[in-house]
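Remarks on the structure that follows.
The values are calculated or read from the model by the stated rules, or taken from the named source; none is laboratory data. All of these numbers come straight from a predicted model, not from anything done at the bench. Virtual Cβ from ideal backbone geometry, glycine too; neighbours counted across all protein chains shown.
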Amino acid sequence: MSNELPVAVLGAGPVGLAAAAHLAERNIPFVIFEAGEHAGASIQRWGHVRLFSPWRYNMDPAAQRLLQSDGWSPPELAAYPTGADIVEQYLAPLAALDVIAPHMRLGHRVTGVTRHGVDKLRDDHRADRPFVVTTSSDDGVTRTLARAVIDATGTWLTPNPVGTEGIPAIGEDTAARQITYGIPDVLPTDRYAGKRVAVVGSGHSAKHVLRELAEGAPATTVTWIMRRGENLFGDEVDARLPERGRLGADAHELVSSGRVQLETGFGVERIDVVGRAIVLLSADGRKAGPFDEVIAATGFRPDFSFLRELRLDLDPWVESTRTLAPLIDPNVHSCGSVPPHGAAELAHPERGFYAIGAKSYGRAPNLLLATGYEQARSVVAELAGDHDAAARVELILPASGSACGAKKPREAAESACCG
């Protein structure tokens, strides 16, 4: 396969642009496909959220080198950015660099990745054939040949349902107009003011939404729906990441004061629409509501639909590579106990294809941005033939050795310390 073909990077978020920065430093041709109209489009959707890790852990080293060579001044490393800060102060300047901007294809949604001339079933020297990346844009459908593919599309656009068993609850589609998934900005609008709102979810995203609703949406009645029944608030004091601990402490105070009502051990099986309100029902017959709005902060999952013709070796439940799965399984690990890893653990039978960032973790919620950057560095080194660099560990985390401490299995499963 010709090395003159570009490496296709799917997604222009932090990890995708980190891969582009490493490719640029190694003078490897690349092209970036981004479904949004600007770099970091998915992050902009939660731009109002302040991260609980400071700037120093949220920027890729290669990206910083390229930016500083162009005269960029870094933000205060100890400050805590919002999602909007990440886009405006870091990703937008990075995407505008002369070594990256000409290779950006904005408004290009990837609809398929295949091997040229063969489907998934056929061998026929497939490893020697280039990839074909099919994209859809306002200008129509485009097919681009690539020597390798780095999938950094993330998981933000495929949220988990309200239903507790991994599929939508009965009636969830019918109630869709009154359900918001992810972390909506509840402050600028009156959508939630004076309403009865249910927040479904156990992690830090749900806690953030609770705090915003309680503080900024006047006369709103808030009910917190949790599937689990223990370790409700997590670590309320966190010496490594104080802002993360504060989320748990604030959630505890909101429940204790009665400003937020709490329903625990409540797995939503059915959603009934009653007039203009909705009622949540659990498998054991309990009811919660009626509510005017539901916010589902239930996490995210990867989209493999456009990769169907590639030979992927996915773990059957984590949905990462089979090699990586035991290292990140949220039933056992939090991000604090995940060992460093790189190209070797991310490799699929389809040689030259790698998923990095949140997509690489499948359904596991415990990725650190710094881990995604290390994945990008290692994968690009492997594609460059620098196998020693690909195997080397260059991950730098807080003094404890991680940005998140190891947790007991039940705590790890719902931890959003890395989200």
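Being among the hydroxyl-bearing types (S, T, Y), out of contact with any Leu (no Cβ under 6 Å at 6 or more places or on another chain), not in a loop (DSSP other than H, G, I, E, B) and not assigned by TED's automatic domain parsing to the domain that holds V260 narrows it down to one residue among S136, S205; which is it? Even if it seems obvious, please write down each step before you answer.
Details: S205 fails: not assigned by TED's automatic domain parsing to the domain that holds V260.
Step by step, each of S136, S205 is checked, and only S136 is among the hydroxyl-bearing types (S, T, Y), out of contact with any Leu (no Cβ under 6 Å at 6 or more places or on another chain), not in a loop (DSSP other than H, G, I, E, B) and not assigned by TED's automatic domain parsing to the domain that holds V260.
Within the bounds of segment 101-123, is there any residue that is in contact with a His (Cβ under 8 Å, 6 or more places away or on another chain), buried (at least 18 other Cβ atoms within 10 Å of the Cβ) and over 17 Å from W156 (Cβ atoms)? It would help to see each step written out before you state the result.
Filtering segment 101-123 down to residues in contact with a His (Cβ under 8 Å, 6 or more places away or on another chain) leaves 106.
Now restrict to residues that are buried (at least 18 other Cβ atoms within 10 Å of the Cβ): none.
No; the residues of segment 101-123 include none that is in contact with a His (Cβ under 8 Å, 6 or more places away or on another chain), buried (at least 18 other Cβ atoms within 10 Å of the Cβ) and over 17 Å from W156 (Cβ atoms).
Among the helices (runs of 4 or more DSSP H) confined wholly to segment 366-419, which include 3 or more residues that are modelled with pLDDT under 60?
Details: elements: 369-383, 387-391, 409-413.
Ranges flagged: 409-413.
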Legend entry - Extreme residue, nearest to the chain's Cα centre (by Cα), among residues of segment 139-181 that are among the β-branched types (V, I, T) and assigned to a loop (DSSP other than H, G, I, E, B): T155
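Of all residues in segment 165-201 being among the β-branched types (V, I, T) and surrounded by fewer than 18 Cβ atoms within 10 Å (Cβ to Cβ), which is nearest to F306 (Cα to Cα)? Lay out the reasoning, then the answer.
Residues of segment 165-201 among the β-branched types (V, I, T): 167, 170, 174, 179-180, 183, 186, 189, 197, 199-200.
Restricting the remaining residues to those that are surrounded by fewer than 18 Cβ atoms within 10 Å (Cβ to Cβ) gives 167, 170, 174, 189.
On the way: I167: 20, I170: 27, T174: 27, T189: 35 Å.
Ranking the qualifying residues of segment 165-201, first place goes to I167.
Report whether or not A358 is surrounded by fewer than 18 Cβ atoms within 10 Å (Cβ to Cβ), part of a helix (DSSP H, G or I), assigned by TED's automatic domain parsing to the domain that holds S42 and of a type outside the set (S, T, N, Q). Can you show your working first?
Numbers: surrounded by fewer than 18 Cβ atoms within 10 Å (Cβ to Cβ): no; part of a helix (DSSP H, G or I): yes; assigned by TED's automatic domain parsing to the domain that holds S42: yes; of a type outside the set (S, T, N, Q): yes.
In short, no.
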Legend entry - Check on G16, modelled with pLDDT of 95 or more and on the phi > 0 side of the Ramachandran plot: no
Inset, instruction - Test A95 against the stated conditions and say whether it is within 16 Å of L10 (Cβ to Cβ), in contact with a helix residue (DSSP H, G or I) (Cβ under 8 Å, 6 or more places away or on another chain) and in contact (Cβ under 8 Å) with a residue 24 or more places away in the chain. - result: yes
Inset, instruction - Kindly list, by first and then second residue, each pair from a residue in segment 66-84 that is within 25 Å of D98 (Cα to Cα) and without any contact (Cβ under 8 Å) to a residue 40 or more places away in the chain to a residue that is among the small types (G, A, S) and not in a loop (DSSP other than H, G, I, E, B), limited to pairs with Cβ atoms under 6 Å and residues at least 6 apart or on different chains. - result: none
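Test of understanding: among R147, R191, which residue is assigned by TED's automatic domain parsing to the domain that holds T220, over 30 Å from G71 (Cα atoms) and not β-branched (V, I, T)? Talk me through it step by step, then tell me what you get.
Working: R147 fails: assigned by TED's automatic domain parsing to the domain that holds T220.
From the options R147, R191, the qualifying one is R191.
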Inset, instruction - Those residues that are free of Cβ contacts under 8 Å to residues at least 12 places away in the same chain and among the β-branched types (V, I, T), I need them from segment 116-155; list them, please. - result: V118
Legend entry - Conditions (1) part of a helix (DSSP H, G or I); (2) touching a strand residue (DSSP E or B) at 6+ places or on another chain (Cβ under 6 Å); number of the one not met by R105: (1)
Legend entry - Test: L121 is outside the structural domain of T180 (by TED's automatic domain parsing), on the phi < 0 side of the Ramachandran plot and out of contact with any strand residue (DSSP E or B) (no Cβ under 9 Å at 6 or more places or on another chain): yes
